[in-house]
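I have placed the structure first, in the form of structure tokens, so that the comments after it can refer back to it.
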Amino acid sequence: MASENEPMSVRDILIEMKDASEFAASLAYASLMYQDRELAEEVMGLESELDELRYNLFKMTIMASRSPKEAEELAALLDIGIAVDEISDAMADLVRLVLRGYPVHPALSWMLYTAEEIIGLVRVEGSSPLISMRGKEFYDPANISGCDVLAIKKKGKWIFDIPPNLELEAGDILLLEGTKDSIETAKSLARGENKKFILPEKPLENVDEHSREIAERLNSMKSLSELSIYLAYASLLYNNPTMAAEVSRLESELDELEDDLFISAISGLMPNSRPKELIPILRAASASEKLGDAALRMALLVERGIPAHPVLEIVVEESKDTVVRISLSEKSDAIGRRIGDLDLEEKTGIWILAIKRGIRWIYAPKDSEILREGDILILTGPKGGVDDAIKILGGKPLED
């Protein structure tokens with residue numbers, strides 16, 4: 001990282017933009033789920049930081065260009081920077097609804113609480129074994145049931161950049177991201193013998209069938225948009241036109257889903273809902289569609305055959321999350337086992353983004369999916385968990 005008087009490198013700018021945009025997305029959905037203004041304000045702050053980073057990226061790339069070939073490569077980096085900034089803009093649009101006090105429709109609450117990856121608020125009780133755990137230990141998801149720690153609320157104030165020596169105390173609240181099972185396990189760890197739970201304000205039991213249908217569509221859009229972002233990064237890293245083409249297909253599917261959701265929400269929910277309740281639903285759908293557009297912007301660089309600047313590989317490898325491909329041979333330990341039985345994410349923080357099986361892609365595979373010989377898995381998550389994940393799966397990393 002550069003000092004205050006030294007400009008950041010293009011590499012450092014892109015790393016910070018990628019990580020900040022992903023953090024903004026997690027905080028945006030958390031602020032919606034819990035109607036938390038402080039989380040929303042943090043997203044707005046991240047959006048401002050990303051605007052400044054994009055300006056610095058433009059300045060640095062213009063200064064660095066020394067030949068037509070290098071200009072083309074650097075122009076590709078600018079497109080990536082614009083795409084990342086568009087992601088943060090979409091998240092900022094979401095949290096403005098929280099800051100303006102828009103009510104959350106039960107369909108949106110249902111969508112947020114029943115997603116594969118959810119946000120959990122967990123209060124640390126006096127009998128919890130987590131008491132005295134230090135900040136440096138939070139970065140290993142295995143220490144908190146496979147959950148990522150996004151922030152800590154201590155004495156009424158959120159802490160996002162967690163100091164290594166910070167210690168957990170009774171009364172602290174953890175903002176976690178993980179599967180439903182991992183969040184519930186973390187709650188058990190945090191509460192000790194206490195049975196308190198922190199849930200979204202909206203009662204989920206009374207959601208009608210049409211609202212649940214809307215929630216399922218929102219969930220599908222959110223999952224597809226996140227998948228498209230991951231695949232876009234992977235297509236750039238591996239210069240893989242097949243992945244880039246799939247990002248393009250996903251973007252078209254997101255467009256259609258957005259149209260269908262708008263029609264369903266307006267026709268089915270309008271008679272029994274306040275207009276202001278519908279706006280967050282429509283905005284959430286639009287945010288997912290905008291993420292798909294941003295992913296397509298990156299993937300088109302591969303489809304157009306524009307060579308990636310060498311700094312891009314460093315950006316993906318040195319950021320908090322990475323992308324790895326492995327193949328499963330007949331000797332792989334995971335052959336014939338369900339993904340859910342491997343407890344991969346809980347143990348390593350790594351999850352299976354997609355499976356390539358012959359010419360077929362399986363996106364966001366369910367826990368019930370059985371792995372087969374010859375499967376190519378695209379893994380994503382913290383770099384520190386990759387080696388353990390490969391051991392659990394018994395796979396072979398692919399270099400090209």
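The values are calculated or read from the model by the stated rules, or taken from the named source; none is laboratory data. Because the structure is a prediction, the values reported are computed rather than measured. Here the Cβ positions follow ideal geometry from the backbone for every residue, glycine too, while neighbour counts run over all protein chains shown.
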Could we say that residue 274 is assigned by TED's automatic domain parsing to the domain that holds residue 223, charged (D, E, K, R), surrounded by fewer than 15 Cβ atoms within 10 Å (Cβ to Cβ) and within 18 Å of residue 100 (Cα to Cα) here?
yes
In the stretch 134-172, the residues that are surrounded by fewer than 19 Cβ atoms within 10 Å (Cβ to Cβ) and hydrophobic (A, V, I, L, M, F, W, C):
142, 158, 159, 160, 162, 166, 170
Is there a residue being modelled with pLDDT of 90 or more, more than 29 Å from residue 95 (Cβ to Cβ) and among the hydrophobic types (A, V, I, L, M, F, W, C) anywhere in the stretch 314-327?
yes
Filter the stretch 50-68 down to residues that are closer than 19 Å to residue 87 by Cβ and in contact with an Asp or Glu (Cβ under 8 Å, 6 or more places away or on another chain), then give me how many there are.
4
Pairs returned, first residue in the stretch 79-107 that is outside the structural domain of residue 38 (by TED's automatic domain parsing), second residue that is modelled with pLDDT of 90 or more and among the hydroxyl-bearing types (Ser, Thr, Tyr), beta-carbon separation under 7 angstrom, 6 or more apart or interchain, are none
Going through (1) at pLDDT 85 or above; (2) more than 20 Å from the chain's Cα centre (by Cα) one by one, residue 76 fails only at (1)
Residue in the stretch 325-332 that is farther than 22 Å from residue 178 by Cβ, without any contact (Cβ under 8 Å) to a residue 24 or more places away in the chain and not in a loop (DSSP other than H, G, I, E, B) present
no
